[in-house]
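Step one of this worksheet: look at the structure below.
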Amino acid sequence: MPDPLPSPRQTGRFDPLRVLAAMGVGAALGGVLAGLMHRIILHTPADVPATRLRAFYAILVVSGVLAAFAIESIRQLQEASPEADYHRRRRIR
(Lines give C-alpha, C1' and ligand atoms only; values in the text may rest on other atoms or scores of the structure.)
Protein backbone atom coordinates (compact mmCIF):
# COMPACT_ATOMS: atom_id res chain seq x y z
CA MET A 1 0.00 0.00 0.00
CA PRO A 2 1.45 3.43 -0.89
CA ASP A 3 2.31 5.84 1.87
CA PRO A 4 -0.17 8.66 2.42
CA LEU A 5 0.85 12.04 1.09
CA PRO A 6 2.60 14.20 3.67
CA SER A 7 0.62 17.15 4.89
CA PRO A 8 1.73 20.63 3.77
CA ARG A 9 2.71 21.42 7.35
CA GLN A 10 5.14 18.48 7.43
CA THR A 11 6.79 19.38 4.13
CA GLY A 12 6.92 23.11 4.88
CA ARG A 13 4.95 24.01 1.78
CA PHE A 14 2.59 26.92 1.43
CA ASP A 15 -1.03 25.92 2.16
CA PRO A 16 -3.50 28.20 0.33
CA LEU A 17 -6.52 26.66 2.07
CA ARG A 18 -5.26 27.87 5.43
CA VAL A 19 -4.84 31.34 3.96
CA LEU A 20 -8.37 31.18 2.55
CA ALA A 21 -9.72 30.12 5.95
CA ALA A 22 -7.84 32.99 7.61
CA MET A 23 -9.33 35.36 5.05
CA GLY A 24 -12.80 34.08 5.96
CA VAL A 25 -12.11 34.74 9.63
CA GLY A 26 -10.79 38.20 8.74
CA ALA A 27 -13.94 38.93 6.74
CA ALA A 28 -16.09 37.82 9.65
CA LEU A 29 -14.19 40.03 12.08
CA GLY A 30 -14.40 42.93 9.64
CA GLY A 31 -18.13 42.33 9.34
CA VAL A 32 -18.53 42.38 13.12
CA LEU A 33 -16.56 45.62 13.28
CA ALA A 34 -18.71 47.08 10.48
CA GLY A 35 -21.83 46.08 12.42
CA LEU A 36 -20.54 47.78 15.56
CA MET A 37 -19.71 50.92 13.61
CA HIS A 38 -23.16 50.82 12.00
CA ARG A 39 -24.80 50.82 15.43
CA ILE A 40 -22.59 53.67 16.61
CA ILE A 41 -23.30 55.76 13.50
CA LEU A 42 -27.06 55.14 13.77
CA HIS A 43 -27.07 56.67 17.25
CA THR A 44 -25.27 59.87 16.26
CA PRO A 45 -26.91 63.01 14.90
CA ALA A 46 -24.65 62.99 11.81
CA ASP A 47 -26.33 62.77 8.42
CA VAL A 48 -24.16 60.47 6.33
CA PRO A 49 -25.23 59.34 2.83
CA ALA A 50 -26.01 55.63 2.51
CA THR A 51 -23.49 55.14 -0.30
CA ARG A 52 -20.68 56.44 1.88
CA LEU A 53 -21.75 54.18 4.73
CA ARG A 54 -21.74 51.13 2.46
CA ALA A 55 -18.31 52.06 1.16
CA PHE A 56 -17.06 52.50 4.72
CA TYR A 57 -18.40 49.10 5.73
CA ALA A 58 -16.86 47.48 2.66
CA ILE A 59 -13.50 49.06 3.52
CA LEU A 60 -13.70 47.60 7.04
CA VAL A 61 -14.44 44.10 5.71
CA VAL A 62 -11.74 44.28 3.03
CA SER A 63 -9.24 45.52 5.62
CA GLY A 64 -9.97 42.49 7.77
CA VAL A 65 -9.50 40.17 4.78
CA LEU A 66 -6.21 41.78 3.77
CA ALA A 67 -4.86 41.74 7.32
CA ALA A 68 -5.68 38.05 7.73
CA PHE A 69 -4.18 37.27 4.32
CA ALA A 70 -0.94 39.06 5.15
CA ILE A 71 -0.59 37.58 8.64
CA GLU A 72 -1.23 33.98 7.59
CA SER A 73 0.90 34.20 4.44
CA ILE A 74 3.88 35.62 6.29
CA ARG A 75 3.45 33.10 9.11
CA GLN A 76 3.52 30.19 6.67
CA LEU A 77 6.46 31.58 4.72
CA GLN A 78 8.47 32.11 7.91
CA GLU A 79 7.62 28.60 9.10
CA ALA A 80 8.81 27.11 5.80
CA SER A 81 12.01 29.16 5.67
CA PRO A 82 15.24 27.22 6.21
CA GLU A 83 16.98 30.27 7.75
CA ALA A 84 17.56 30.00 11.49
CA ASP A 85 16.76 33.68 12.10
CA TYR A 86 13.08 33.04 11.43
CA HIS A 87 12.90 30.19 13.94
CA ARG A 88 14.62 31.59 17.01
CA ARG A 89 12.49 32.91 19.83
CA ARG A 90 12.93 36.57 20.66
CA ARG A 91 12.53 37.76 24.21
CA ILE A 92 10.96 41.04 25.16
CA ARG A 93 13.34 43.07 27.26
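The values are calculated or read from the model by the stated rules, or taken from the named source; none is laboratory data. What you see is a predicted model; the values in this text were computed from it and never measured. Note that each Cβ is placed from the backbone with ideal geometry, even for glycine, and that neighbours are counted across all protein chains shown. Remember, those area values only see protein heavy atoms, side chains included, never the ligands or the DNA or RNA. Shrake-Rupley method; radii C 1.70, N 1.55, O 1.52, S 1.80 Å.
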Amide H contacts under 5 Å for residue 15, placed H, 5+ residues apart: none
Model label zone, residue 32; criterion: amide N under 17 Å from point 7 Å along Cα-to-beta-carbon; scope segment 52-93: 60-69
Rounded accessible area per residue of segment 17-93, 1.4 Å, Å²: 81
